[in-house]
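Structure, as structure tokens:
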Amino acid sequence: LAISGILDLPWAAISPDGAVVPPTALADTASTALARVAASDASGFWILVDADVLSPEVMPAVGSPAPGGPDIDELAALLAPLVDHPKALGMALTLYDPSLDSDRSSAARLVGLLAKSLLGGGRHAAPA
């Protein structure tokens, strides 16, 4: 990805020792990503979110759950400033497996993630 100029920020880069991530780490990560966008001549960027980045406690309906990921609120805190940026072109949310979600509770959590990320109070917030 780096050769192509694509910024890849795996969770391990945010929490390399697997320790609990401080609340400011995700906001700092968003700031770092947006600073790279601002420094480039990119006309826009896409956001790709794999559902399996989330903690299996909140997102068991994925094929490759991995412990230690963020919860819904933590991931929304990372995504909100990214989707609110004027150069954000779109977002893809992938790797949710409905066959592992018989009661659709994981689907409901993903809808909540999208709502918090897209309508979190920035320029895309719903009118009062």
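Could you list, in sequence order, the residues of region 66-79 that are over 12 Å from Lys116 (Cα atoms), surrounded by fewer than 19 Cβ atoms within 10 Å (Cβ to Cβ) and not aliphatic (A, V, I, L, M)?
Pro67, Gly68, Asp71 - these are the residues of region 66-79 that are over 12 Å from Lys116 (Cα atoms), surrounded by fewer than 19 Cβ atoms within 10 Å (Cβ to Cβ) and not aliphatic (A, V, I, L, M).
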So, in region 34-52, of the ones that are of a type in the set (A, V, I, L, M) and at pLDDT below 90, which residue ends up surrounded by the fewest Cβ atoms within 10 Å (Cβ to Cβ)?
Ala39
Could you list, in sequence order, all residues of region 93-116 that are over 15 Å from Pro60 (Cα atoms), of a type in the set (Gly, Ala, Ser) and open to solvent by 40 Å² or more (accessible area, probe 1.4 Å)?
Ala115
Residue that is modelled with the highest pLDDT [pool: residues in region 15-33 that are over 11 Å from Leu78 (Cα atoms) and open to solvent by less than 40 Å² (accessible area, probe 1.4 Å)]
Val21
Residue under question is Ser55, and the condition is that it be over 16 Å from the mean Cα position of the chain (by Cα) and either of a type in the set (S, T, N, Q) or open to solvent by 70 Å² or more (accessible area, probe 1.4 Å) (or both); does it hold?
no
Leu82 being within 14 Å of the chain's Cα centre (by Cα) and open to solvent by 70 Å² or more (accessible area, probe 1.4 Å)
no
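Can we say Ala30 is among the hydrophobic types (A, V, I, L, M, F, W, C), more than 19 Å from Leu95 (Cα to Cα) and in contact (Cβ under 8 Å) with a residue 40 or more places away in the chain?
Details: among the hydrophobic types (A, V, I, L, M, F, W, C): yes; more than 19 Å from Leu95 (Cα to Cα): yes; in contact (Cβ under 8 Å) with a residue 40 or more places away in the chain: yes.
For Ala30, the condition - among the hydrophobic types (A, V, I, L, M, F, W, C), more than 19 Å from Leu95 (Cα to Cα) and in contact (Cβ under 8 Å) with a residue 40 or more places away in the chain - is met.
The values are calculated or read from the model by the stated rules, or taken from the named source; none is laboratory data. Quantities reported herein were computed from a predicted structural model and do not represent experimental measurements. Every residue, glycine among them, receives a Cβ derived from its backbone with ideal geometry; neighbour counts consider all protein chains shown. Please note that ligands, DNA and RNA were not included when accessible areas were found on the heavy atoms of the full protein model with its side chains. Shrake-Rupley method; radii C 1.70, N 1.55, O 1.52, S 1.80 Å.
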